[in-house]
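The structure under discussion appears below in the form of structure tokens.
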Amino acid sequence: MGARILVAEDDVKQAWLVRLYLEREGNEVQVVGDGRAALDRARSGRPDLVVLDVMMPGVDGLDVCRILRSESQVPILLLTARSTEEDMLLGLDLGADDYLTKPYSPRELAARVRALLRRSGALGRTDVGEVLSVGDLVMDTDRFEVRIAGEPVALTGKEFAVLRMLVGEPGRVFTRAQIIDRVFGFDRNVLERTVDAHVMNLRRKLEHGREGAGTQYVETVYGRGYRLSGRAAGRPGAVG
């Protein structure tokens, strides 16, 4: 079964090519040509994934990304002609789940879309109904929800995947290379700083509104990687 995908791209030829490749895989694709239309369509159509060109008239893709992330957890893939590390990290900081630098292969774009849809559950999942808890942190992978002491924590798809990896084995240290392999899959060009950026955002969200809460969960093991803190009470298990 395909997914509902919104493509925001002002280059007509690029938009047609993206649509062609994504529809070949059975997805329902809607295309808009500017940022305001992207916001309107995302709000009304509730897509499973959004593909955003950064350079668009009116509201650019980065602003659209920031606004959408404040309103929902829809997976977001950025398309950008900006190839510097700073530009990439900015997109991730604003809530994007992945990015692709122009010029790109349509086949690679389709593969990245598939990966994001699998992680979000839109193409089916292997952990349906799985609810894990560590201390007062609860992860519901079926609903794509995280709560701390009953309060919801909004995470991007990548942040959720990193946290799920850590929650699965509390206390185990995962290297950046292992996180890249499990969370980013086929993309071997991911930088270690990309992992650091996701972990930094994850830690900040876990700490939000609860002084010191993040240090109960995500710890840096210098020279090695990251782990779920041993101070978190108990081990993960199914919740009633």
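The values are calculated or read from the model by the stated rules, or taken from the named source; none is laboratory data. Note that this is a predicted model, so its numbers are computed, not measured.
Structure notes:
- Screening G121 against (1) at pLDDT 90 or above; (2) at positive phi leaves a single unmet condition, (1).
- Verdict on S72 being among the polar types (S, T, N, Q) and under 17 Å from the mean Cα position of the chain (by Cα): yes
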